[in-house]
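Data block below; observations after.
The values are calculated or read from the model by the stated rules, or taken from the named source; none is laboratory data. Please read these numbers as outputs of a predicted model, since none were measured by experiment. Note: ideal-geometry Cβ built from the backbone for every residue, glycine included; neighbour counts use all protein chains shown.
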Amino acid sequence: MVGMLFASAPAWTQALNSLMEMGFIVDGETDDEVSATDRNGTNVMISIYTTNQVATVAFARVLPTGSAKSSDVLQLLNNLNVSFIIGSVSVMVNEMNAEYLVAKAAVPTIEGVAVAAVLDALVVGLVGLILEVEPVVQRVISGEVSVEEATRRLT
C-alpha cells in the first residue's frame with residue numbers, strides 16, 4: 001500500500017517564486033523558515049512564527065569590517081528608519097564578526113490577512129530597498145558621500 005500526504009503550500013511559496021525569478025537559490029528550509037541567497041551573497045530569510053502570529057522577511061548583505069562602528073553609517077540608518085513606512089534597516093554583526101546591512105519587516109498572520117500575497121510584496125519591496133540603500137551606505141563608509149547627502153538621496 002502506498003500513501004500520500006497532502007498539505008497546504010507554505011505561506012512563503014509565492015514570495016519564494018518571486019525570489020527565484022530574481023536569481024535567488026533556496027539554501028535551507030524547515031517547517032517555519034526558508035533561506036535563499038543570490039549570486040552577490042545577499043541572503044533572505046522568511047520566517048513564520050505561528051505562536052506569535054507573525055511572519056518576518058529579512059535581507060542581509062555583507063558590509064566591510066568596521067561598518068557597525070561607523071557613526072556615519074548608524075546616523076544614516078537612523079535617518080532612513082524615521083522615513084521608511086514599511087520595514088527598517090540596521091547593521092548586524094554575527095558570531096564570526098561578519099557585518100551585514102539588514103532590511104527587515106514583519107506582518108501579522110492572523111485570520112483575514114492574505115499572508116502569501118503580503119510576503120510576496122514584502123520580498124519584492126525589501127529586495128529593492130536593500131539594493132538601493134547598500135551602495136549608498138558603501139559610499140558613506142568610503143567618505144565619498146556625506147550622511148546628509150545620502151539621506152537626501154534615499155528619502
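Do you know which residues across the stretch 17-60 are in contact with a Lys or Arg (Cβ under 7 Å, 6 or more places away or on another chain) and more than 14 Å from Val127 (Cβ to Cβ)? Within the stretch 17-60, Thr56 is the sole residue that qualifies. Would the stretch 77-93 turn up any residue that is without any contact (Cβ under 8 Å) to a residue 24 or more places away in the chain, closer than 18 Å to Ile130 by Cα and touching a Gly at 6+ places or on another chain (Cβ under 7 Å)? No, the stretch 77-93 contains no residue that is without any contact (Cβ under 8 Å) to a residue 24 or more places away in the chain, closer than 18 Å to Ile130 by Cα and touching a Gly at 6+ places or on another chain (Cβ under 7 Å). Quick check on the stretch 37-62: of everything there that is small (Gly, Ala, Ser) and touching a residue at least 24 places away in the same chain (Cβ under 8 Å), which residue is farthest from Glu99 (Cα to Cα)? Only one residue tops the list, namely Ala55. For the condition among the small types (Gly, Ala, Ser), at pLDDT 95 or above and not in a strand (DSSP E or B), Gly23 qualifies. Going by the conditions given, is Glu33 in contact (Cβ under 8 Å) with a residue 60 or more places away in the chain and surrounded by 14 or more Cβ atoms within 10 Å (Cβ to Cβ)? No, not satisfied.
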